[in-house]
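Each remark here refers to the structure printed beneath this line.
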Amino acid sequence: MKYDPELRIKELGLELPPAPKPVGIYKPVLVVDKLLYVSGQGPLRSDSTLITGKLGADLDTEEGRMAARQVGLTMLATIKEHFGDLNKIKRVVRIFGMVNCVPDFDKHPAVINGFSELMAEVFGEENGIGVRCAVGMMLPANIAVEVDAVYELK
C-alpha cells in the first residue's frame, strides 16, 4: 500500500502545531544529498505551549508517550514548512529520542514509541520505521521529550 502522508494526516484527524523557530544558532532542517536531517524538536502544542516535566516524577510513561507523539507532529510541521509537502519524504532512516527523566526511570523506549508509532501511521510501517535510539537525560526548558531524526528523500 502506498502512503500519502498528507492524506494520512487528514484521515487520522491530526493537527500539526506551528513549526517552531530556531532558539539558537542552527538550521531546523538540512538536506545533504538525499538525506534530510531535522534538528531536535520538542513537544510543541498547537497553542505554542510545550509539554514539560520529568518522566518518573511529573509525568508517567503514557503521558511521555503522548508527548513523544506531539514531538512527531512538531517535526512533521517543521518538514512541511521547509518543503511545503510531506510527499517529498521517502522513509524514516534514524530517530534519536531523548527523554527528560529521573535517574531511575527505565521506560525510555516505551516513551519514544509515541514518536515511532506516529511515523508508522503517517508513512506506513515499511517506510515509517527506521533505526532508533532512546535515552534519558536532562532537557532544555524542562521539555518532556526531544527527538532529532534523519529521513531519506525521494
Filter pass, PHE96 being of a type in the set (Phe, Trp, Tyr) and under 15 Å from ASP148 (Cβ atoms): yes
Close pairs from region 72-88: first acidic (Asp, Glu), partner in a helix (DSSP H, G or I), Cβ under 8 Å, at least 6 apart: ASP85/GLU6
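Yes/no per residue for (1) over 18 Å from GLY136 (Cβ atoms); (2) crowded, with 18+ Cβ neighbours inside 10 Å; (3) not aliphatic (A, V, I, L, M):
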position: ARG8; (1), (2), (3): yes, no, yes
position: GLU15; (1), (2), (3): yes, no, yes
position: VAL31; (1), (2), (3): yes, no, no
position: VAL38; (1), (2), (3): yes, yes, no
position: ASP47; (1), (2), (3): yes, no, yes
position: ARG65; (1), (2), (3): no, yes, yes
position: PRO103; (1), (2), (3): no, no, yes
In region 77-91, residue farthest from GLY53 (Cα to Cα) [restricted to those that are under 11 Å from the mean Cα position of the chain (by Cα) and among the aliphatic types (A, V, I, L, M)]: ILE79
Residue satisfying all of: in region 74-100; more than 15 Å from GLU152 (Cα to Cα) and in contact with a helix residue (DSSP H, G or I) (Cβ under 7 Å, 6 or more places away or on another chain); surrounded by the fewest Cβ atoms within 10 Å (Cβ to Cβ) among these: GLY97
Residue selected from region 45-90 under the condition basic (Lys, Arg) and out of contact with any Phe, Trp or Tyr (no Cβ under 7 Å at 6 or more places or on another chain), by the criterion farthest from GLU117 (Cα to Cα): LYS54
Residues within region 103-137 that are without any contact (Cβ under 8 Å) to a residue 24 or more places away in the chain and in a strand (DSSP E or B), tallied: 0
Selected residue [in contact with a Pro (Cβ under 6 Å, 6 or more places away or on another chain) and either modelled with pLDDT of 95 or more or on the phi > 0 side of the Ramachandran plot (or both)] from VAL111, VAL122, VAL135: VAL122
Pairs, first closer than 15 Å to THR74 by Cα in region 8-21, second of a type in the set (Lys, Arg) and surrounded by 11 or more Cβ atoms within 10 Å (Cβ to Cβ), C-beta under 8 Å, six or more apart: LEU16/LYS80; PRO17/ARG45; ALA19/LYS80
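The values are calculated or read from the model by the stated rules, or taken from the named source; none is laboratory data. Just so you know, these numbers come straight off a predicted model, no measurement behind them. Cβ atoms come from the backbone with ideal geometry, glycine included; neighbour counts cover every protein chain shown.
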